[in-house]
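Colleague: Have a look at the structure that comes next, please.
The values are calculated or read from the model by the stated rules, or taken from the named source; none is laboratory data. Just so we're clear, the structure is a prediction, and the values are computed from it rather than from any experiment. Heads up, the Cβs are rebuilt from the backbone with ideal geometry, glycines too, and the neighbour counts pull from every protein chain shown. For the accessible areas, the whole protein counts, side chains as well, though only heavy atoms, and no ligand, DNA or RNA atoms are used. Shrake-Rupley method; radii C 1.70, N 1.55, O 1.52, S 1.80 Å.
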Amino acid sequence: MYRERLELDGRVAVVTGGSRGIGLACVTALREFGATVVIADLLDDVGRAAAESFDGGVEYVHLDVTDAAGVADVFADVAARHGRLDILVTSAGIANHQPSSEITREAWDAVLAVNATGTFWCAREAARHMTRGASIVAIGSMSGELANAPQRQAAYNASKGAVHLAVKSLAVEYVDAGIRVNAVAPGYIGTDLTKDGVPGEWWDDWIRRTPMQRLGAPEEVASLVAFLASDAASYLTGSIVLADGGYSAW
Ligand code: NDP
């Protein structure tokens, strides 16, 4: 009974930002549990190569989550082609490490547009095509719950805080439709996002502050996402589930 409730056979999933990092690990996990998965991402060559690396059951579509009309078209197209849409994972995201005194209006707007507005718009447009039993899982962040002052992340933190409250709001709004909405809030995970343009001493600091004394792996986020997407999580909606190696516990 418990094992069956984790299975995703016959379900159709879309993973935004699914070409790499946490998104790609989510694609792998959902596929392993039986779902047909659509990677929706920005860079066509990277996305196609990611989809082709699977032994079938994974396809790629171009999606810029900041393009509202494009978002609507992608979910309508996936639902029409597959005849259903059961799971959405929103992993598309960008970081910003400028001090608040230096961040430009354009940079602030870009972070909010991808992380907060993009997540909301994808959830809203996906939900139009979902039926009872569907599940939306947003990749939020530990940073949506607490301030990482030394890492100068005001824009990023604000965007993830917005994701978390949008998730709670949508969970309540969609409860009658039978669509569950939850977020996974990762701590520091070893991906391009945490490597690109980040000084090595920040990594040392992150590890020192994490009780488990290491960064997380994308797969450790993806297994939680697959659980939340499945019927095994049937009583979870509006939850923000931390996967942070204990960072926020002290
Ligand atoms: P990566 O940078 O490895 O992957 C992010 C993905 O999002 C890329 O494929 C990127 O595409 C895509 N993307 C960016 N902008 C857009 C857009 N406008 N439309 C569609 N896709 C877009 O990051 P992670 O895997 O680390 O991060 C995934 C999610 O997890 C993000 O939301 C991030 O904020 C969150 N997170 C990450 C943590 C970490 O420590 N790594 C911690 C907490 C949360 P492209 O290849 O074109 O750039």
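Colleague: Which residues, taken from segment 223-243, are of a type outside the set (S, T, N, Q) and under 22 Å from L146 (Cα atoms)? It would help to see each step written out before you state the result.
Modeller: So in segment 223-243, the residues of a type outside the set (S, T, N, Q) come out as 224-229, 231-233, 235-236, 238, 240-243.
Across segment 223-243, the qualifying residues are L224, V225, G238, I240, V241, L242, A243.
Colleague: Right, next: Going by the structure shown, is G34 over 25 Å from H164 (Cα atoms), over 17 Å from the mean Cα position of the chain (by Cα) and either open to solvent by 40 Å² or more (accessible area, probe 1.4 Å) or in contact (Cβ under 8 Å) with a residue 40 or more places away in the chain (or both)?
Modeller: Numbers: over 25 Å from H164 (Cα atoms): yes; over 17 Å from the mean Cα position of the chain (by Cα): yes; either open to solvent by 40 Å² or more (accessible area, probe 1.4 Å) or in contact (Cβ under 8 Å) with a residue 40 or more places away in the chain (or both): no.
No.
Colleague: Follow-up. Considering only residues that are in contact (Cβ under 8 Å) with a residue 24 or more places away in the chain and within 11 Å of the ligand (Cβ to nearest atom), look in segment 152-178 and name the one that is surrounded by the fewest Cβ atoms within 10 Å (Cβ to Cβ).
Modeller: Only one residue fits best here, namely Q153.
Colleague: Scanning segment 104-119 for residues that are among the β-branched types (V, I, T) and open to solvent by less than 40 Å² (accessible area, probe 1.4 Å), which turns out nearest to P199 (Cα to Cα)? Walk me through how you get there before you give the answer.
Modeller: The first filter runs over segment 104-119 and keeps only residues among the β-branched types (V, I, T), leaving 104, 111, 114, 117, 119.
Narrowing further to those that are open to solvent by less than 40 Å² (accessible area, probe 1.4 Å): 111, 114, 119.
Details: V111: 20, V114: 24, T119: 28 Å.
Step by step, filter segment 104-119, then rank; the result is V111.
Colleague: How many of the residues in segment 90-114 are more than 16 Å from the ligand (Cβ to nearest atom) and assigned to a helix (DSSP H, G or I)?
Modeller: 1
Colleague: Of the residues in segment 209-250, how many are touching a residue at least 60 places away in the same chain (Cβ under 8 Å), over 20 Å from A29 (Cβ atoms) and not polar (S, T, N, Q)?
Modeller: 2
Colleague: Quick one: would you say R81 is free of Cβ contacts under 8 Å to residues at least 12 places away in the same chain, over 24 Å from A185 (Cβ atoms) and surrounded by fewer than 24 Cβ atoms within 10 Å (Cβ to Cβ)?
Modeller: Values: free of Cβ contacts under 8 Å to residues at least 12 places away in the same chain: yes; over 24 Å from A185 (Cβ atoms): yes; surrounded by fewer than 24 Cβ atoms within 10 Å (Cβ to Cβ): yes.
Criteria met by R81.
Colleague: In segment 185-216, what residues are of a type in the set (A, V, I, L, M, F, W, C), open to solvent by 30 Å² or more (accessible area, probe 1.4 Å) and within 15 Å of S91 (Cβ to Cβ)?
Modeller: L193
Colleague: Here's a follow-up. Filter segment 179-199 down to the residues that are assigned to a strand (DSSP E or B) and among the hydrophobic types (A, V, I, L, M, F, W, C), then identify the one that is nearest to the ligand (Cβ to nearest atom).
Modeller: Initial filter on segment 179-199 (assigned to a strand (DSSP E or B)): 180-186, 189.
Next, from what is left, pick out any that are among the hydrophobic types (A, V, I, L, M, F, W, C): 181, 183-185, 189.
On the way: V181: 16, A183: 10, V184: 8, A185: 7, I189: 4 Å.
Only one residue fits best here, namely I189.
Colleague: Look through segment 134-151, keep the residues that are open to solvent by less than 20 Å² (accessible area, probe 1.4 Å) and more than 12 Å from the ligand (Cβ to nearest atom), and return whichever of them is farthest from R208 (Cα to Cα).
Modeller: A134
Colleague: Regarding A126, is this residue aliphatic (A, V, I, L, M), away from the ligand (no atom under 12 Å from the Cβ) and within 17 Å of the chain's Cα centre (by Cα)? If you could, list the steps in order and put the result at the bottom.
Modeller: Numbers: aliphatic (A, V, I, L, M): yes; away from the ligand (no atom under 12 Å from the Cβ): yes; within 17 Å of the chain's Cα centre (by Cα): yes.
Here the answer is yes, as A126 does meet what is asked.
Colleague: Looking at T131, T117, can you tell me which residue is assigned to a loop (DSSP other than H, G, I, E, B) and either among the polar types (S, T, N, Q) or within 11 Å of the ligand (Cβ to nearest atom) (or both)? Spell out how you get there, then give the answer.
Modeller: Details: T117 fails: assigned to a loop (DSSP other than H, G, I, E, B).
Matching residue, one of T131, T117: T131.
Colleague: Scan segment 53-67 for residues that are more than 23 Å from E7 (Cα to Cα) and either open to solvent by less than 50 Å² (accessible area, probe 1.4 Å) or away from the ligand (no atom under 12 Å from the Cβ) (or both) and jot them down. Explain how you work it out, then say what you get.
Modeller: Pass one, segment 53-67, residues more than 23 Å from E7 (Cα to Cα): 61-67.
The answer is V61, L63, V65.
Colleague: Continuing with this model, one more query. So if I check each of R124, R128, which one is surrounded by fewer than 18 Cβ atoms within 10 Å (Cβ to Cβ) and of a type in the set (K, R)?
Modeller: Numbers: R124 fails: surrounded by fewer than 18 Cβ atoms within 10 Å (Cβ to Cβ).
Step by step, each of R124, R128 is checked, and only R128 is surrounded by fewer than 18 Cβ atoms within 10 Å (Cβ to Cβ) and of a type in the set (K, R).
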